[in-house]
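Reading through the C-alpha cells given below for one structure.
The values are calculated or read from the model by the stated rules, or taken from the named source; none is laboratory data. No experiment lies behind these values; they were computed from the predicted model shown. Cβ coordinates were reconstructed from backbone atoms using ideal geometry, including for glycine residues, and neighbour counts include every protein chain displayed. What goes into the accessible areas is simple: the full protein's heavy atoms, side chains included, and nothing from ligands, DNA or RNA. Shrake-Rupley method; radii C 1.70, N 1.55, O 1.52, S 1.80 Å.
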Amino acid sequence: IVSVPWVIKPIYGFVSDTFPLFGFRRRSYLFLAGIFGSLSWLLLAYAVHTPSEAIFCRTLASAAIAVSDVVVDSVVVER
C-alpha cells in the first residue's frame, strides 16, 4: 500500500504539467508536497494510535516524496 504512490508517478507529471496551481506549474506542487510530507511525518510521530492511521500517514509521506521526485526531475529536464 505504501509503495502505490511510486507506481503512479507518471500521473503526477501529467497533472503538474496540465493543471497549474496558483499560476505555477511546478513550484506549487513542490511546495504542497513538502507541506503534506511534513504533516504526515508529524502526525505519525504525535497523533497516530492505530496501525491503519500509521499506514495512512506513511502512504501520504510516500506520495509526497514521489510527487516531489517527479517535479524535481521535470525541472532538471526542462533546464
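List of remarks:
- Test: residue in the stretch 19-37 that is touching a residue at least 60 places away in the same chain (Cβ under 8 Å), among the hydrophobic types (A, V, I, L, M, F, W, C) and in a helix (DSSP H, G or I): no
- Some residue of the stretch 3-10 being open to solvent by 70 Å² or more (accessible area, probe 1.4 Å), at pLDDT below 95 and hydroxyl-bearing (Ser, Thr, Tyr): yes
- Restricting the stretch 22-65 to residues that are under 17 Å from Glu78 (Cβ atoms) and of a type in the set (A, V, I, L, M, F, W, C), the residue that is modelled with the highest pLDDT: Leu30
- Evaluated against (1) surrounded by fewer than 15 Cβ atoms within 10 Å (Cβ to Cβ); (2) outside any helix (DSSP H, G or I), Glu53 falls short on exactly one condition, (2).
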